[in-house]
1. Return the pairs, sorted by first residue and then second, in which the second residue is among the small types (Gly, Ala, Ser) and assigned to a strand (DSSP E or B), the first residue lies in segment 4-19 and is under 11 Å from Phe45 (Cβ atoms), the beta carbons are less than 9 Å apart, and the residues are 6+ apart or on different chains.
2. Of the residues that sit in segment 10-22 and are assigned to a strand (DSSP E or B) and surrounded by fewer than 19 Cβ atoms within 10 Å (Cβ to Cβ), which one is nearest to the chain's Cα centre (by Cα)?
3. Among the residues of segment 1-22, write down those that are at pLDDT below 95 and polar (S, T, N, Q).
4. Which residue pairs have Cβ atoms under 8 Å apart, sit 6 or more places apart or on different chains, and have a first residue in segment 23-50 that is in contact (Cβ under 8 Å) with a residue 40 or more places away in the chain and closer than 12 Å to Ile6 by Cα and a second that is surrounded by 12 or more Cβ atoms within 10 Å (Cβ to Cβ) and among the small types (Gly, Ala, Ser)?
5. Kindly list the number of the only condition in (1) loosely packed, with under 13 Cβ neighbours inside 10 Å; (2) assigned to a strand (DSSP E or B) that fails for Tyr7.
6. Out of curiosity, is Gly25 at pLDDT below 95, part of a loop (DSSP other than H, G, I, E, B), of a type outside the set (Ser, Thr, Tyr) and under 11 Å from the mean Cα position of the chain (by Cα)?
7. If I ask for residues that are assigned to a strand (DSSP E or B) and not acidic (Asp, Glu), which ones from segment 28-54 would you list?
Amino acid sequence: MSAQGIYRKRDGWSDQHSVRVKYDGAVELEVPEKFYKEKGWQPLFDELPWAGENTEDKQKIEGSEPARS
């Protein structure tokens with residue numbers, strides 16, 4: 001089983017930042033920053049984009065589909 005970080009979220013987990021993780025290539029969940037770092041998952045926490053930094057993340061968070069051309 002493997003997990004890959006998708007993006008960081010400011011104050012997403014009560015008293016700390018969180019990470020949206022794709023687990024086993026299918027299931028997505030949010031975990032606290034400390035847990036993510038302890039597991040040693042990739043990419044490193046500091047290398048992940050913040051939620052809403054780019055259009056694709058913002059659309060995913062808001063639940064809308066990216067615009068198709």
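The values are calculated or read from the model by the stated rules, or taken from the named source; none is laboratory data. Source: prediction; values computed, not measured. Neighbour counts run over all protein chains shown; Cβ positions are idealised from the backbone, glycine included.
1. Correct list of pairs: Arg8/Ser18; Ser18/Gly12; Val19/Gly5; Val19/Gly12.
2. Checked segment 10-22; the qualifying residue nearest to the chain's Cα centre (by Cα) is Lys22.
3. Matches in segment 1-22: Ser2, Gln4, Ser14, Gln16.
4. Phe45/Gly5; Leu48/Gly5
5. (1)
6. Judged against the criteria, Gly25 is not a match.
7. Of everything in segment 28-54, those that are assigned to a strand (DSSP E or B) and not acidic (Asp, Glu) turn out to be Leu29, Val31, Pro32, Gln42, Trp50.
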